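Visitor: The structure that follows is given in the form of structure tokens.
Nothing in this text is a laboratory measurement; each read-out follows from the coordinates by a stated rule. These figures come from a predicted structure and were not determined experimentally. Backbone-built Cβ (ideal geometry, glycine too); neighbour counts: all protein chains shown.
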Amino acid sequence: MELTSKQRAQLRGLANSIDTILQVGKEGLTENLIKQADDALEARELIKGRVLDNNLEYDARKAAGELAAATRAEPVQVIGTKFVLYRESHRLPKDKRIVLVKPTKKKPQ
């Protein structure tokens, strides 16, 4: 599912108030880190991560892209060493899920 710019803006606003829960350290993207991100996405839908300074292999954009691909998530935002990922949860009850704004259809002229 590709996010629209309005949906991305909505998710960026929601991400301002959440804490960083993932840290990509000098080990890089390990299986354990991918599983942790997958579990967190299923439980929260929106997660914030950070690439530590001691990681020489990854920058935030590369880490977010690879982690998003490994967890079937969408990268929402990358700023400095931090990144935000989103994936709709199928385990959460409907009333607890993030409701994204609907994409608008352009009127034919």
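Visitor: When DSSP assigns beta bridges and you keep just the ones with both residues in the range 5-90, what percent turn out antiparallel, to the nearest 5?
Guide: DSSP beta bridges in the range 5-90 are roughly 70 percent antiparallel.
Visitor: Right, another one. If you take all C-alpha pairs in the chain, what percent of them are over 19 Å apart?
Guide: 44 percent
Visitor: Mind checking the full-extension length gain between residue 52 and residue 39? Use 0.36 nm per residue of separation minus the Cα-Cα distance, one decimal, nm.
Guide: Between residue 52 and residue 39, full extension yields 2.6 nm more.
Visitor: Under 8 Å for C-alpha pairs, at least 6 residues apart: give me the relative contact order for the chain, rounded to a whole percent.
Guide: After rounding, I find 30 percent.
Visitor: Any idea which of 84, 9, 30 is furthest toward the positive side of the dipole for the chain, if Lys and Arg beta-carbons carry +1 and Asp and Glu beta-carbons -1?
Guide: Going by the Cα projections, it comes out as 9.
Visitor: Moving on. Can you give me the angle between helix 31-44 and the longest principal axis of the chain, using Cα atoms only, in degrees from 0 to 90, rounded to the nearest 10?
Guide: That works out to roughly 30 degrees.
Visitor: Can you sort 62, 96 by how many other beta carbons sit within 10 Å, fewest first?
Guide: If I rank by nearby Cβ atoms, fewest first, I get 96, 62.
Visitor: Which angle from 0 to 90°, rounded to the nearest 10, does the C-alpha axis of helix 5-15 make with the longest principal axis of the chain?
Guide: 50 degrees
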